[in-house]
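The values are calculated or read from the model by the stated rules, or taken from the named source; none is laboratory data. This is a predicted model, so every value here is computed, not measured. No Cβ is skipped: glycine too gets one built from the backbone with ideal geometry, and neighbour counts run over all protein chains shown. Areas reflect the complete protein model, heavy atoms only, side chains present, ligands, DNA and RNA absent. Shrake-Rupley method; radii C 1.70, N 1.55, O 1.52, S 1.80 Å.
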Amino acid sequence: QVQLVESGGGLVQAGGSLRLSCAVSGSTFSSSAIGWYRQAPGKQRELVAFISPRGLVKKYDDSVKGRFTISRDNAKNAVYLQMNSLKPEDTAVYSCNAGTNVSGTYYSGGSWGPGTQVTVSS
């Protein structure tokens, strides 16, 4: 079983940038797809982006396409989410998850990090 810990959240003005990190422990990291999710108050958790085990497949929700970039460093057991041109509607708790990529569709696994808060002020 993998364990995940997010970091890098904070308060930023609209138009600013943040880089989130997801540190993953466990022997299955290099064979796991990793998804970044977010949950805003009163809303359901949504998948923002995911990356396949070797980084060959990256997919984004339309709301962040062109602004967010997901990457991974398998040597460091880490996944990153670079967030640029942030908007107030990006405000949420961001969590990473270890799951599976099947033909370009992400299936979440049972392991979640505690999350990191991102707040974008207008």
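Among the residues of region 79-94, which ones are open to solvent by 50 Å² or more (accessible area, probe 1.4 Å) and of a type in the set (Gly, Ala, Ser)?
Passing the criteria: only Ser85.
Can you say whether Gln117 is part of a strand (DSSP E or B), open to solvent by 60 Å² or more (accessible area, probe 1.4 Å) and either closer than 18 Å to Leu18 by Cβ or without any contact (Cβ under 8 Å) to a residue 40 or more places away in the chain (or both), as far as the supplied structure shows? Please lay out each step first, then the result.
Details: part of a strand (DSSP E or B): yes; open to solvent by 60 Å² or more (accessible area, probe 1.4 Å): yes; either closer than 18 Å to Leu18 by Cβ or without any contact (Cβ under 8 Å) to a residue 40 or more places away in the chain (or both): yes.
It is true that Gln117 is part of a strand (DSSP E or B), open to solvent by 60 Å² or more (accessible area, probe 1.4 Å) and either closer than 18 Å to Leu18 by Cβ or without any contact (Cβ under 8 Å) to a residue 40 or more places away in the chain (or both).
Report the residue count in region 71-100 for those that are closer than 15 Å to Ser31 by Cα, among the aliphatic types (A, V, I, L, M) and assigned to a loop (DSSP other than H, G, I, E, B).
Matching residues across region 71-100 total 1.
Does Ser63 satisfy being open to solvent by less than 60 Å² (accessible area, probe 1.4 Å), of a type in the set (Ser, Thr, Tyr) and part of a strand (DSSP E or B)? So that I can check it myself, show each step before the final result.
On the way: open to solvent by less than 60 Å² (accessible area, probe 1.4 Å): yes; of a type in the set (Ser, Thr, Tyr): yes; part of a strand (DSSP E or B): no.
No, not satisfied.
Read through the list (1) under 25 Å from Gly10 (Cβ atoms); (2) open to solvent by 10 Å² or more (accessible area, probe 1.4 Å); (3) in a loop (DSSP other than H, G, I, E, B); (4) without any contact (Cβ under 8 Å) to a residue 60 or more places away in the chain, then give the number of the only condition that Arg54 fails.
Of everything listed in (1) under 25 Å from Gly10 (Cβ atoms); (2) open to solvent by 10 Å² or more (accessible area, probe 1.4 Å); (3) in a loop (DSSP other than H, G, I, E, B); (4) without any contact (Cβ under 8 Å) to a residue 60 or more places away in the chain, Arg54 misses just condition (1).
For residues that are among the charged types (D, E, K, R) and either at pLDDT below 95 or closer than 13 Å to Gly115 by Cβ (or both), tally how many sit in region 3-53.
Qualifying residue count for the region: 3.
I need the full set of residues from region 54-110 which are of a type in the set (Asp, Glu) and either over 12 Å from the mean Cα position of the chain (by Cα) or closer than 10 Å to Gly35 by Cα (or both), in order please. Steps first, answer last, please.
Within region 54-110, the subset of a type in the set (Asp, Glu) is 61-62, 73, 89-90.
Within region 54-110, Asp62, Asp73, Glu89, Asp90 qualify.
Return yes when Arg54 is charged (D, E, K, R) and over 18 Å from Tyr94 (Cβ atoms) and no when it is not. Break it down into steps so the answer makes sense when it comes.
Details: charged (D, E, K, R): yes; over 18 Å from Tyr94 (Cβ atoms): yes.
It is true that Arg54 is charged (D, E, K, R) and over 18 Å from Tyr94 (Cβ atoms).
Quick one: is Lys76 surrounded by fewer than 15 Cβ atoms within 10 Å (Cβ to Cβ), among the charged types (D, E, K, R) and within 21 Å of Val12 (Cα to Cα)? Walk me through it before giving the result.
Details: surrounded by fewer than 15 Cβ atoms within 10 Å (Cβ to Cβ): yes; among the charged types (D, E, K, R): yes; within 21 Å of Val12 (Cα to Cα): no.
Considered against the rule, which asks whether it is surrounded by fewer than 15 Cβ atoms within 10 Å (Cβ to Cβ), among the charged types (D, E, K, R) and within 21 Å of Val12 (Cα to Cα), Lys76 comes out as no.
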